[in-house]
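Chemist: Handing you a structure now.
The values are calculated or read from the model by the stated rules, or taken from the named source; none is laboratory data. All figures in this text were calculated on a predicted structure; none of them were measured in a lab. All Cβ positions, even for glycine, are placed from backbone atoms using ideal geometry, and neighbour counts span all protein chains on display. All accessible areas refer to the heavy atoms of the entire protein, side chains included, with ligands and DNA or RNA removed. Shrake-Rupley method; radii C 1.70, N 1.55, O 1.52, S 1.80 Å.
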Amino acid sequence: MTIGVAAALYRALYGGVLSHIPEPTAVLLGQSGLRLLPWDRLPLFRSTDARLAVTLGGVRLPNPLILSSMYYDLAILRRAMGLGFGAVTTKSITRNARPGHPEPNMVRRRSPEGPGLVNCNGFRNPGLEAYRAALPALPHRVPLIVAVAGESIEEYLLLVQALAPFGELVEFNISSPNTALVYEWSRKPDDLLRLFRQVRAATAKPLIVKLSPDFADANEGAIIPAALDAGVTIINYGNTRRVPEPRLSQGAGGLSGPELFASTLQNVRRTRAKFGESLQIIATGGVDSADKALALIRAGATACAYLTGFITRGPALARLILDRLSRELDRTGSATLDALRAHDEA
Ligand SMILES: Cc1cc2nc3c(=O)[nH]c(=O)nc-3n(C[C@H](O)[C@H](O)[C@H](O)COP(=O)(O)O)c2cc1C
């Protein structure tokens, strides 16, 4: 089977079945299929092109594609590590276990750009102690990014100190729109500077701060400068965008998927132009095709993450993107992905 056929089969499965059955059943089916079947043993989903390697915070990733934060299940993370990604991110872990918001907490959203999601997951996760006990069982076939979310500086410190030893990188989330206290961080740049400094001092691991696309002015005017000032030099731009959604239990949620792409591209291009090479950028939001990933890298992204595209386009998407990047290196005579940025044609 070729990767094109695998991608077409998944599209038929998603378009014909998964996108028509109730969302909780589709999630159950999709996640069970991912957990139970050994997809990660098939070389089909991976690229062997060594030119695609990138260095993020000093850590070598075999390629620039990252599975964005949503899954905490170690069986799923383990499979994902063999599905072409250069790194895999955990769910944002909180101090205490959380059941998440009641259902409905995820709905599909159709748009001319393609299929997306709106969720009010509310950080459903097993909590710090249980996750710390579980994480040593996960082999790191590719680097693991451990993600955390807190409601106070003390909570972030506790989480980062406890979980950093289990990841190659640590992402701290100040941007999920589904719990007011996390989302509110973006409105408090002064508190953020203290947060950044203290978290930076709490671990030697490379730190990523995950930003909200809803706060572009604050991000670029105050939050990124504060992060750089504290020595946090990797940003993930970014999280879902908060939208009203009457079908959800909370009446609002985080929009993900292709509707985000145009602003993700602009955010990356502006941020790279303003801050130059002083920071590394993980571009997240709306990637569901090879062309979109390539556009983000050309615009200045060091790496590119996606989540909704994994659900709507399936496990073949990573290999399709990686093959496209390899062809682009051939076409432009570039030796590395960093060199491709010089070819931004926008
Ligand atoms: C159901 C669901 C749960 C998510 N959980 C988290 C989370 O725990 N932490 C986080 O930083 N982002 C979380 N995200 C956001 C994604 O990691 C990503 O930033 C966002 O969906 C935009 O990328 P995409 O358009 O590729 O999906 C979640 C997204 C979805 C759809």
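Chemist: Six or more apart or on different chains, Cβ under 6 Å: which pairs go from a residue in the range 82-108 that's of a type in the set (Val, Ile, Thr) to one that's open to solvent by less than 20 Å² (accessible area, probe 1.4 Å) and in a loop (DSSP other than H, G, I, E, B)? Could you list them?
Modeler: Close Cβ pairs satisfying both conditions: 88/81; 89/68; 94/123; 94/149.
Chemist: Ok, one more. Can you tell me which of (1) over 14 Å from residue 341 (Cβ atoms); (2) open to solvent by 10 Å² or more (accessible area, probe 1.4 Å) is the one residue 287 doesn't meet?
Modeler: (2)
Chemist: Would you confirm whether any residue within the range 44-54 is in contact with a strand residue (DSSP E or B) (Cβ under 9 Å, 6 or more places away or on another chain), open to solvent by 30 Å² or more (accessible area, probe 1.4 Å) and not in a loop (DSSP other than H, G, I, E, B)?
Modeler: No; the residues of the range 44-54 include none that is in contact with a strand residue (DSSP E or B) (Cβ under 9 Å, 6 or more places away or on another chain), open to solvent by 30 Å² or more (accessible area, probe 1.4 Å) and not in a loop (DSSP other than H, G, I, E, B).
Chemist: Test each condition in (1) part of a strand (DSSP E or B); (2) open to solvent by less than 10 Å² (accessible area, probe 1.4 Å); (3) of a type outside the set (Phe, Trp, Tyr); (4) over 22 Å from residue 94 (Cβ atoms) for residue 243 and report the one that comes out false.
Modeler: Evaluating residue 243 over (1) part of a strand (DSSP E or B); (2) open to solvent by less than 10 Å² (accessible area, probe 1.4 Å); (3) of a type outside the set (Phe, Trp, Tyr); (4) over 22 Å from residue 94 (Cβ atoms) leaves (2) as the failure.
Chemist: Something else now. Can you tell me which of 79, 95 is open to solvent by 30 Å² or more (accessible area, probe 1.4 Å) and not in a loop (DSSP other than H, G, I, E, B)? Lay out the reasoning, then the answer.
Modeler: Values: 95 fails: not in a loop (DSSP other than H, G, I, E, B).
Sole residue among the options that is open to solvent by 30 Å² or more (accessible area, probe 1.4 Å) and not in a loop (DSSP other than H, G, I, E, B): 79.
Chemist: Select from the range 65-90 the residues that are more than 14 Å from the ligand (Cβ to nearest atom) and within 21 Å of residue 294 (Cβ to Cβ) and list them in ascending order. Outline the logic, then answer.
Modeler: The first filter runs over the range 65-90 and keeps only residues more than 14 Å from the ligand (Cβ to nearest atom), leaving 74-75, 78-79, 81-84, 86.
Matches in the range 65-90: 83, 84, 86.
Chemist: Report yes if residue 169 is closer than 17 Å to residue 209 by Cα and either more than 16 Å from the ligand (Cβ to nearest atom) or in contact with a Phe, Trp or Tyr (Cβ under 7 Å, 6 or more places away or on another chain) (or both), otherwise no.
Modeler: Numbers: closer than 17 Å to residue 209 by Cα: yes; either more than 16 Å from the ligand (Cβ to nearest atom) or in contact with a Phe, Trp or Tyr (Cβ under 7 Å, 6 or more places away or on another chain) (or both): no.
Considered against the rule, which asks whether it is closer than 17 Å to residue 209 by Cα and either more than 16 Å from the ligand (Cβ to nearest atom) or in contact with a Phe, Trp or Tyr (Cβ under 7 Å, 6 or more places away or on another chain) (or both), residue 169 comes out as no.
Chemist: Would you confirm, using the coordinates I've provided, whether residue 116 is more than 12 Å from the ligand (Cβ to nearest atom) and touching a Lys or Arg at 6+ places or on another chain (Cβ under 6 Å)?
Modeler: On the way: more than 12 Å from the ligand (Cβ to nearest atom): no; touching a Lys or Arg at 6+ places or on another chain (Cβ under 6 Å): yes.
No, not satisfied.
Chemist: Sort through 260, 255 and tell me the only one that's in a strand (DSSP E or B), of a type in the set (A, V, I, L, M, F, W, C), within 16 Å of the ligand (Cβ to nearest atom) and within 19 Å of the chain's Cα centre (by Cα).
Modeler: Working: 260 fails: in a strand (DSSP E or B).
After ruling out the rest, the residue left standing is 255.
Chemist: Further question: What single numbered condition from (1) within 14 Å of the ligand (Cβ to nearest atom); (2) of a type outside the set (Phe, Trp, Tyr); (3) under 29 Å from residue 314 (Cα atoms) fails to hold for residue 246?
Modeler: The failed condition is (1).
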